[in-house]
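Heads up, the thing below is written out as C-alpha coordinates.
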Ligand code: 13P
Ligand code: SF4
(Lines give C-alpha, C1' and ligand atoms only; values in the text may rest on other atoms or scores of the structure.)
(Ligands and ions follow the chains in the order given, each with its own letter.)
Protein backbone atom coordinates (compact mmCIF):
# COMPACT_ATOMS: atom_id res chain seq x y z
CA UNK A 1 0.00 0.00 0.00
CA UNK A 2 1.16 3.52 -0.79
CA UNK A 3 2.72 5.38 2.14
CA UNK A 4 0.43 8.41 1.88
CA UNK A 5 2.20 10.46 4.52
CA UNK A 6 5.58 10.06 2.82
CA UNK A 7 4.11 10.75 -0.62
CA UNK A 8 2.25 13.84 0.60
CA UNK A 9 5.47 15.19 2.15
CA UNK A 10 7.36 14.51 -1.09
CA UNK A 11 4.71 16.21 -3.23
CA UNK A 12 4.49 19.20 -0.91
CA UNK A 13 8.18 19.87 -1.49
CA UNK A 14 8.06 19.08 -5.20
CA UNK A 15 5.13 21.41 -5.82
CA UNK A 16 5.99 24.06 -3.22
CA UNK A 17 2.60 23.40 -1.65
CA UNK A 18 1.27 24.19 1.80
CA UNK A 19 -1.40 22.06 3.47
CA UNK A 20 -3.84 23.99 5.67
CA UNK A 21 -6.20 21.97 7.88
CA UNK A 22 -9.13 23.02 10.02
CA UNK A 23 -9.33 21.87 13.63
CA UNK A 24 -12.22 19.52 12.67
CA UNK A 25 -10.19 17.45 10.22
CA UNK A 26 -9.42 13.81 10.99
CA UNK A 27 -6.27 13.31 13.05
CA UNK A 28 -4.21 11.85 10.19
CA UNK A 29 -4.87 14.91 8.04
CA UNK A 30 -4.10 17.32 10.89
CA UNK A 31 -0.81 15.51 11.47
CA UNK A 32 0.38 15.94 7.90
CA UNK A 33 -0.73 19.60 7.64
CA UNK A 34 1.66 22.56 7.81
CA UNK A 35 -0.85 24.58 9.77
CA UNK A 36 -3.92 23.51 11.76
CA UNK A 37 -6.29 26.16 13.02
CA UNK A 38 -9.64 27.91 13.09
CA UNK A 39 -11.25 29.81 10.20
CA UNK A 40 -9.53 33.07 11.10
CA UNK A 41 -6.08 31.53 11.53
CA UNK A 42 -6.40 29.58 8.29
CA UNK A 43 -7.44 32.71 6.35
CA UNK A 44 -4.42 34.52 7.77
CA UNK A 45 -2.11 31.68 6.72
CA UNK A 46 -3.65 31.64 3.23
CA UNK A 47 -3.08 35.39 2.90
CA UNK A 48 0.58 35.28 3.87
CA UNK A 49 1.93 32.00 2.48
CA UNK A 50 4.60 32.11 -0.20
CA UNK A 51 3.76 28.60 -1.41
CA UNK A 52 2.60 28.20 -5.03
CA UNK A 53 -0.18 25.79 -4.12
CA UNK A 54 -2.55 25.81 -1.13
CA UNK A 55 -4.28 22.51 -0.40
CA UNK A 56 -7.22 23.33 1.80
CA UNK A 57 -8.28 20.52 4.12
CA UNK A 58 -11.51 22.02 5.30
CA UNK A 59 -14.77 22.96 3.61
CA UNK A 60 -15.46 24.77 0.36
CA UNK A 61 -16.09 28.30 1.70
CA UNK A 62 -12.70 28.18 3.45
CA UNK A 63 -10.92 27.28 0.19
CA UNK A 64 -12.86 30.06 -1.58
CA UNK A 65 -11.68 32.56 1.03
CA UNK A 66 -8.09 31.42 0.44
CA UNK A 67 -8.58 31.82 -3.33
CA UNK A 68 -9.90 35.37 -2.83
CA UNK A 69 -6.99 36.31 -0.59
CA UNK A 70 -4.33 34.72 -2.79
CA UNK A 71 -5.61 35.03 -6.38
CA UNK A 72 -2.17 34.29 -7.83
CA UNK A 73 -1.99 30.92 -6.05
CA UNK A 74 -3.52 27.62 -7.03
CA UNK A 75 -6.02 26.59 -4.32
CA UNK A 76 -7.06 22.95 -4.19
CA UNK A 77 -9.65 21.10 -2.12
CA UNK A 78 -9.35 17.30 -2.01
CA UNK A 79 -13.14 16.77 -2.28
CA UNK A 80 -15.44 19.29 -3.97
CA UNK A 81 -18.43 17.88 -2.08
CA UNK A 82 -17.04 19.20 1.22
CA UNK A 83 -19.67 21.90 1.72
CA UNK A 84 -21.23 23.46 4.81
CA UNK A 85 -24.90 23.32 5.81
CA UNK A 86 -24.61 26.73 7.43
CA UNK A 87 -23.10 28.38 4.35
CA UNK A 88 -25.93 26.82 2.30
CA UNK A 89 -28.56 28.46 4.49
CA UNK A 90 -28.42 31.78 2.61
CA UNK A 91 -27.91 32.58 -1.07
CA UNK A 92 -26.80 35.89 -2.61
CA UNK A 93 -30.34 36.40 -3.99
CA UNK A 94 -31.82 35.92 -0.53
CA UNK A 95 -29.32 38.38 0.92
CA UNK A 96 -30.09 40.97 -1.78
CA UNK A 97 -33.81 40.66 -0.98
CA UNK A 98 -33.09 40.97 2.77
CA UNK A 99 -30.96 44.08 2.18
CA UNK A 100 -33.76 45.62 0.11
CA UNK A 101 -36.05 45.28 3.15
CA UNK A 102 -33.44 47.07 5.34
CA UNK A 103 -32.02 49.91 3.24
CA UNK A 104 -28.83 51.39 4.71
CA UNK A 105 -28.18 48.49 7.10
CA UNK A 106 -24.61 47.22 7.51
CA UNK A 107 -24.26 43.55 6.59
CA UNK A 108 -22.00 41.38 8.74
CA UNK A 109 -21.50 37.90 7.32
CA UNK A 110 -19.98 35.01 9.17
CA UNK A 111 -17.11 33.55 7.16
CA UNK A 112 -19.24 30.40 6.73
CA UNK A 113 -20.84 31.85 3.59
CA UNK A 114 -20.28 31.55 -0.14
CA UNK A 115 -18.09 34.06 -1.99
CA UNK A 116 -21.23 35.50 -3.64
CA UNK A 117 -22.73 36.23 -0.22
CA UNK A 118 -19.46 37.77 0.99
CA UNK A 119 -19.50 39.99 -2.10
CA UNK A 120 -22.85 41.42 -0.91
CA UNK A 121 -21.50 42.08 2.61
CA UNK A 122 -19.82 45.00 4.35
CA UNK A 123 -17.90 42.92 6.90
CA UNK A 124 -17.00 39.28 7.35
CA UNK A 125 -16.25 37.81 10.75
CA UNK A 126 -15.44 34.47 12.29
CA UNK A 127 -16.52 33.12 15.65
CA UNK A 128 -13.20 34.47 16.99
CA UNK A 129 -13.94 38.14 16.22
CA UNK A 130 -17.71 38.46 15.59
CA UNK A 131 -18.31 40.40 18.83
CA UNK A 132 -15.37 42.75 18.18
CA UNK A 133 -16.49 43.47 14.61
CA UNK A 134 -20.13 44.17 15.47
CA UNK A 135 -19.02 46.29 18.44
CA UNK A 136 -16.89 48.42 16.09
CA UNK A 137 -19.95 49.47 14.03
CA UNK A 138 -21.53 52.77 15.20
CA UNK A 139 -24.28 52.07 17.73
CA UNK A 140 -26.99 53.90 15.77
CA UNK A 141 -26.31 51.88 12.61
CA UNK A 142 -28.70 49.02 11.85
CA UNK A 143 -26.91 45.67 11.41
CA UNK A 144 -27.95 42.56 9.50
CA UNK A 145 -26.08 39.53 10.83
CA UNK A 146 -25.96 36.24 8.96
CA UNK A 147 -26.30 33.34 8.68
CA UNK A 148 -25.91 31.70 12.12
CA UNK A 149 -28.70 32.55 14.54
CA UNK A 150 -26.93 31.20 17.61
CA UNK A 151 -23.70 33.09 16.98
CA UNK A 152 -25.90 36.11 16.14
CA UNK A 153 -27.74 35.86 19.45
CA UNK A 154 -24.43 35.53 21.28
CA UNK A 155 -23.09 38.67 19.53
CA UNK A 156 -26.32 40.55 20.24
CA UNK A 157 -26.12 39.72 23.90
CA UNK A 158 -22.40 40.55 24.21
CA UNK A 159 -22.70 43.89 22.38
CA UNK A 160 -26.06 44.82 23.92
CA UNK A 161 -27.20 45.84 20.45
CA UNK A 162 -30.93 46.16 19.83
CA UNK A 163 -30.79 47.27 16.18
CA UNK A 164 -29.44 43.96 14.87
CA UNK A 165 -31.51 41.53 12.83
CA UNK A 166 -30.32 37.94 12.58
CA UNK A 167 -30.76 35.44 9.75
CA UNK A 168 -32.29 32.17 10.94
CA UNK A 169 -29.54 29.84 9.71
CA UNK A 170 -27.87 27.11 11.68
CA UNK A 171 -25.19 24.45 11.47
CA UNK A 172 -26.73 20.98 11.66
CA UNK A 173 -23.88 19.70 13.84
CA UNK A 174 -23.92 22.44 16.46
CA UNK A 175 -27.64 23.22 16.47
CA UNK A 176 -28.46 19.67 17.52
CA UNK A 177 -26.77 19.84 20.93
CA UNK A 178 -29.26 19.75 23.76
CA UNK A 179 -28.84 21.42 27.18
CA UNK A 180 -29.55 18.03 28.79
CA UNK A 181 -26.47 16.59 27.04
CA UNK A 182 -24.34 19.38 28.47
CA UNK A 183 -25.72 18.85 31.93
CA UNK A 184 -25.01 15.11 31.70
CA UNK A 185 -21.45 15.61 30.44
CA UNK A 186 -20.67 18.21 33.09
CA UNK A 187 -22.08 16.01 35.83
CA UNK A 188 -19.88 13.15 34.61
CA UNK A 189 -16.79 15.44 34.85
CA UNK A 190 -17.54 17.85 37.68
CA UNK A 191 -14.00 19.29 37.85
CA UNK A 192 -13.78 20.00 34.12
CA UNK A 193 -13.86 23.44 32.56
CA UNK A 194 -16.61 23.78 29.94
CA UNK A 195 -15.83 25.17 26.46
CA UNK A 196 -18.64 25.68 23.95
CA UNK A 197 -18.65 26.90 20.34
CA UNK A 198 -21.02 29.84 19.68
CA UNK A 199 -22.69 27.97 16.81
CA UNK A 200 -24.15 25.54 19.33
CA UNK A 201 -27.90 25.71 19.80
CA UNK A 202 -27.08 25.34 23.45
CA UNK A 203 -25.22 28.68 23.65
CA UNK A 204 -28.60 30.36 23.70
CA UNK A 205 -29.89 27.77 26.14
CA UNK A 206 -26.64 27.99 28.12
CA UNK A 207 -26.93 31.74 28.44
CA UNK A 208 -30.58 31.44 29.34
CA UNK A 209 -29.84 28.86 32.01
CA UNK A 210 -26.90 30.96 33.19
CA UNK A 211 -29.12 33.96 33.61
CA UNK A 212 -31.47 31.74 35.60
CA UNK A 213 -28.51 30.94 37.89
CA UNK A 214 -28.36 27.34 36.80
CA UNK A 215 -25.13 26.11 38.40
CA UNK A 216 -24.52 23.56 35.63
CA UNK A 217 -23.72 26.46 33.26
CA UNK A 218 -21.34 28.27 35.61
CA UNK A 219 -18.10 29.28 33.98
CA UNK A 220 -19.12 28.19 30.46
CA UNK A 221 -16.65 29.67 27.99
CA UNK A 222 -18.05 30.48 24.55
CA UNK A 223 -15.08 30.21 22.18
CA UNK A 224 -14.07 29.70 18.55
CA UNK A 225 -12.10 26.52 17.92
CA UNK A 226 -8.90 28.60 17.97
CA UNK A 227 -10.04 30.18 21.24
CA UNK A 228 -10.50 26.68 22.67
CA UNK A 229 -6.94 25.75 21.69
CA UNK A 230 -5.57 28.83 23.43
CA UNK A 231 -7.74 28.47 26.50
CA UNK A 232 -6.85 24.78 26.97
CA UNK A 233 -3.19 25.72 27.05
CA UNK A 234 -3.55 28.71 29.36
CA UNK A 235 -6.18 27.39 31.76
CA UNK A 236 -5.10 26.03 35.14
CA UNK A 237 -7.72 23.28 34.65
CA UNK A 238 -6.52 19.80 33.71
CA UNK A 239 -9.87 18.52 32.43
CA UNK A 240 -12.30 19.96 29.89
CA UNK A 241 -15.75 19.23 28.51
CA UNK A 242 -15.92 20.40 24.91
CA UNK A 243 -19.04 21.25 22.89
CA UNK A 244 -18.02 21.43 19.24
CA UNK A 245 -17.17 19.10 16.37
CA UNK A 246 -15.15 16.21 17.81
CA UNK A 247 -12.21 16.59 15.38
CA UNK A 248 -10.86 19.26 17.71
CA UNK A 249 -10.24 16.65 20.41
CA UNK A 250 -7.27 15.36 18.41
CA UNK A 251 -5.72 18.83 18.27
CA UNK A 252 -6.47 19.54 21.94
CA UNK A 253 -4.99 16.24 23.13
CA UNK A 254 -1.95 16.56 20.91
CA UNK A 255 -1.15 20.06 22.17
CA UNK A 256 -1.94 19.24 25.80
CA UNK A 257 -0.85 15.65 26.48
CA UNK A 258 -1.09 16.11 30.26
CA UNK A 259 -4.73 17.28 30.17
CA UNK A 260 -7.94 15.40 29.40
CA UNK A 261 -10.75 16.38 27.05
CA UNK A 262 -14.28 14.99 26.84
CA UNK A 263 -16.84 15.57 24.09
CA UNK A 264 -20.29 16.70 25.25
CA UNK A 265 -21.47 14.12 22.76
CA UNK A 266 -19.52 11.97 20.31
CA UNK A 267 -22.36 12.58 17.83
CA UNK A 268 -20.96 16.03 16.95
CA UNK A 269 -19.42 15.04 13.63
CA UNK A 270 -19.40 17.24 10.53
CA UNK A 271 -19.65 14.84 7.60
CA UNK A 272 -18.33 17.55 5.26
CA UNK A 273 -15.14 18.03 7.26
CA UNK A 274 -14.68 14.27 7.36
CA UNK A 275 -14.74 13.99 3.54
CA UNK A 276 -11.04 14.86 3.43
CA UNK A 277 -8.79 11.83 3.84
CA UNK A 278 -5.09 11.13 3.48
CA UNK A 279 -5.91 9.39 0.22
CA UNK A 280 -7.76 12.27 -1.43
CA UNK A 281 -5.24 14.76 -0.02
CA UNK A 282 -2.51 12.75 -1.74
CA UNK A 283 -4.61 12.64 -4.93
CA UNK A 284 -5.11 16.40 -4.80
CA UNK A 285 -1.35 16.97 -4.80
CA UNK A 286 -0.56 14.23 -7.30
CA UNK A 287 -3.29 15.07 -9.85
CA UNK A 288 -3.57 18.82 -9.15
CA UNK A 289 -7.26 18.58 -8.22
CA UNK A 290 -9.79 20.08 -7.43
CA UNK A 291 -9.14 23.72 -8.09
CA UNK A 292 -11.28 26.25 -6.23
CA UNK A 293 -11.46 29.63 -7.93
CA UNK A 294 -13.75 32.61 -7.58
CA UNK A 295 -14.80 34.78 -10.57
CA UNK A 296 -12.73 37.98 -10.54
CA UNK A 297 -15.72 40.36 -10.15
CA UNK A 298 -17.04 38.46 -7.13
CA UNK A 299 -13.57 38.10 -5.60
CA UNK A 300 -13.02 41.83 -6.04
CA UNK A 301 -16.17 42.68 -4.05
CA UNK A 302 -15.66 39.97 -1.43
CA UNK A 303 -12.06 41.02 -0.66
CA UNK A 304 -12.84 44.17 1.35
CA UNK A 305 -15.19 42.49 3.89
CA UNK A 306 -12.66 39.65 4.26
CA UNK A 307 -9.79 42.09 4.75
CA UNK A 308 -11.83 43.90 7.40
CA UNK A 309 -12.19 40.54 9.16
CA UNK A 310 -8.41 39.99 9.02
CA UNK A 311 -7.69 43.48 10.29
CA UNK A 312 -8.94 42.64 13.79
CA UNK A 313 -6.40 41.81 16.50
P1 LIG B 1 -14.04 28.19 13.84
O2 LIG B 1 -13.79 29.43 13.08
O3 LIG B 1 -14.32 28.43 15.29
O4 LIG B 1 -12.94 27.20 13.64
O5 LIG B 1 -15.39 27.52 13.30
C6 LIG B 1 -15.56 27.08 12.00
C7 LIG B 1 -16.72 26.20 11.84
O8 LIG B 1 -17.05 25.78 10.77
C9 LIG B 1 -17.45 25.86 13.03
O10 LIG B 1 -18.42 24.94 12.70
FE1 SF4 C 1 -20.34 24.02 8.40
FE2 SF4 C 1 -21.26 23.06 10.70
FE3 SF4 C 1 -19.47 21.66 9.34
FE4 SF4 C 1 -18.75 23.95 10.59
S5 SF4 C 1 -19.44 22.04 11.54
S6 SF4 C 1 -18.22 23.32 8.51
S7 SF4 C 1 -20.62 25.16 10.31
S8 SF4 C 1 -21.58 22.16 8.66
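The values are calculated or read from the model by the stated rules, or taken from the named source; none is laboratory data. All values derive from a computational prediction rather than experimental measurement. A quick note on method: Cβ atoms are made from the backbone with ideal geometry, for glycine too, and the neighbour counts reach across all protein chains shown.
Computed values, structure above
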| read-out | value |
| --- | --- |
| Failed item in (1) in a loop (DSSP other than H, G, I, E, B); (2) within 12 Å of ligand 2 (Cβ to nearest atom), with residue 274 passing the rest | (1) |
| Where a residue in region 150-162 is over 13 Å from residue 127 (Cα atoms) and its partner, wherever it lies, is surrounded by fewer than 20 Cβ atoms within 10 Å (Cβ to Cβ) and modelled with pLDDT under 95, with Cβ under 7 Å and at least six apart | 157/207 |
| Failed item, numbered, when residue 281 is tested on (1) within 13 Å of ligand 1 (Cβ to nearest atom); (2) crowded, with 22+ Cβ neighbours inside 10 Å; (3) within 18 Å of residue 82 (Cβ to Cβ) | (1) |
| Enumerated strands (runs of 3 or more DSSP E) restricted to region 80-184, each holding at least 2 residues that are in contact with a helix residue (DSSP H, G or I) (Cβ under 7 Å, 6 or more places away or on another chain), within 15 Å of ligand 2 (Cβ to nearest atom) and over 27 Å from residue 228 (Cα atoms) | none |
| The one condition in (1) away from ligand 1 (no atom under 13 Å from the Cβ); (2) part of a helix (DSSP H, G or I); (3) crowded, with 24+ Cβ neighbours inside 10 Å that residue 54 fails to fulfil | (2) |
| Exclusive hit being under 20 Å from the mean Cα position of the chain (by Cα), within 16 Å of ligand 1 (Cβ to nearest atom) and on the phi < 0 side of the Ramachandran plot, set 108, 75 | 108 |
| Residue identified as out of contact with any strand residue (DSSP E or B) (no Cβ under 9 Å at 6 or more places or on another chain) and surrounded by fewer than 23 Cβ atoms within 10 Å (Cβ to Cβ) among 291, 234, 239 | 234 |
| Residues within region 33-51 that are outside any loop (DSSP other than H, G, I, E, B) and either within 16 Å of ligand 1 (Cβ to nearest atom) or buried (at least 22 other Cβ atoms within 10 Å of the Cβ) (or both), tallied | 12 |
| Selected residue (criterion: farthest from ligand 2 (Cβ to nearest atom)) from residues of region 17-32 that are in contact with a strand residue (DSSP E or B) (Cβ under 7 Å, 6 or more places away or on another chain) and assigned to a helix (DSSP H, G or I) | 32 |
| Selected residue (only one of 237, 215, 251, 263 is more than 16 Å from ligand 1 (Cβ to nearest atom) and modelled with pLDDT of 95 or more) | 237 |
| Tally of residues being without any contact (Cβ under 8 Å) to a residue 40 or more places away in the chain and under 19 Å from residue 123 (Cβ atoms) across region 38-88 | 2 |
